[in-house]
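Working notes, beginning with the structure itself.
The values are calculated or read from the model by the stated rules, or taken from the named source; none is laboratory data. Computed from a predicted structure; not experimentally measured. Neighbour counts run over all protein chains shown; Cβ positions are idealised from the backbone, glycine included.
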């Protein structure tokens, strides 16, 4: 009898891991508004099991994306503490941010919505990521490399929009690197 609860915990962990693996694939295919029913079906679990692990879509996205946002915040902190010139650190972090934001269709729009909704389970990790990028921006502005009229919200909006280009126009998405360079060049201070 004492083994039964333990078996359920192992089974529950296995179900959760399976749901996350399948959700990652389905969301890559369909975007952040992917069908939860499709996720549960492909994971081989019922909707009740999915909802026991993730009561809302936000909770599922938090499990998939929260750690990614936290890693980007930690990466910004590491770059901030490094000897990499401030403007290069900012550019490197923005490349990583834009690449991550382009992973799932609809992610850029979801991030913007998350920042506007303080009750969202993703709000804290997304805001932490944005704030960490804002510190890199401020540091690059203090060296005179980046124009002073840009703030963290501007930066987040610009590079989220760049990441979402592939969502609305996949043919333009092939020009991502060029467009990234154009947007980055637009941040350069012309007075220094």
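For residue 117, are the conditions met, namely being surrounded by fewer than 20 Cβ atoms within 10 Å (Cβ to Cβ), closer than 23 Å to residue 69 by Cα and more than 17 Å from the chain's Cα centre (by Cα)? So residue 117 fails the test. Summed over segment 144-153, residues that are under 19 Å from residue 114 (Cα atoms) and modelled with pLDDT of 90 or more total 1. Within segment 46-67, the set of residues being surrounded by fewer than 17 Cβ atoms within 10 Å (Cβ to Cβ) and either at pLDDT below 85 or outside any helix (DSSP H, G or I) (or both) comprises 46, 55, 56, 67. The residues of segment 155-192 that are loosely packed, with under 14 Cβ neighbours inside 10 Å and modelled with pLDDT of 90 or more, listed by number, are 178, 181, 182, 185, 186, 188.
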